[in-house]
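See structure below.
Each reported figure results from applying straightforward, stated rules to the coordinates on display, with no laboratory input. Note that the structure is a prediction, hence the values are computed from the model and not measured. Reconstructed Cβ throughout: ideal geometry from the backbone, glycine too, with neighbour counts over all protein chains shown.
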Amino acid sequence: MNVQIIKHKGAPEYAIVPFEEWEKMVSRLEELEDIRDARNVKAAIAEGEETYGSDFVKRLVSGENRLKIWRSHRNLTIAKLAEACGVSVAAVSQIENNKRKPSIDLLVKLARALECDMENII
């Protein structure tokens, strides 16, 4: 590697490298960061972090009702979710069809039943 060292008061202060070598160094550093990130994700999954399939993500970005997506993801019927939250099937159905907004209390219950954050279902 062709490096020029610039000193200030007798101590190295700057290193100048040809631009092509600089680009190679940056590229390699980004590759190493990607490897580190991949290892961290793999470890998190091994420790039980939940993952989401592409169909789940596509539904979220499509604008479909988030409560309905999460309920489906958790393999719950409207009746089972309603029962878990202590509300009627009609109440959950109305929320899923954007005909009713849940109260904060109900939102907390829905999030607990679906094992997700409240922000994920509103």
Going by alpha carbons, how many degrees (0 to 90, nearest 10) lie between the helix axis of 104-114 and the longest principal axis of the chain?
70
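Going down the table (Lys24/Lys58; Lys42/Lys80; Lys58/Lys80; Lys58/Lys99), which pairs top 28 Å between alpha carbons?
Going by Cα-Cα distance, Lys24/Lys58; Lys42/Lys80 fall outside the 28 Å limit.
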Tell me the net charge near Met25. Cut-off is 14 Å between Cβ atoms, Met25 excluded, with +1 for each Lys or Arg and -1 for each Asp or Glu.
-4
Please find, in a Gaussian network model of the chain (springs between Cα atoms separated by less than 10 Å), the residue of Ala44, Ala15, Ala90 whose mean-square fluctuation is greatest.
Ala15
Which residue fluctuates the most in the chain, going by a Gaussian network model with Cα springs under 10 Å, if the choices are Ala111, Ala84, Ala38?
Ala38
Pull up the cross-link candidates among the aspartates and glutamates for Lys101, meaning alpha carbon to alpha carbon under 20 Å and not fewer than 8 places away within one chain.
Glu64, Glu83, Glu115, Asp117, Glu119
Would you calculate a helix-derived [θ] at 222 nm for the chain, using -39,500 (n - 2.57) for each DSSP H run of n ≥ 4 and dividing by the full residue count, to the nearest 500?
-18500 deg cm²/dmol
In 10 Å bins starting at 0, how do the alpha-carbon pair distances of the chain split up by percent?
11, 27, 18, 12, 11, 11, 9, 2
Would you kindly state the longest site-free stretch of the chain, with sites defined as trypsin sites (Lys or Arg not before Pro) in a DSSP loop (not H, G, I, E, B) surrounded by at most 12 other Cβ atoms within 10 Å?
10-98
Note, Leu110: beta-carbon cut-off 14 Å, +1 each Lys/Arg, -1 each Asp/Glu, net +3
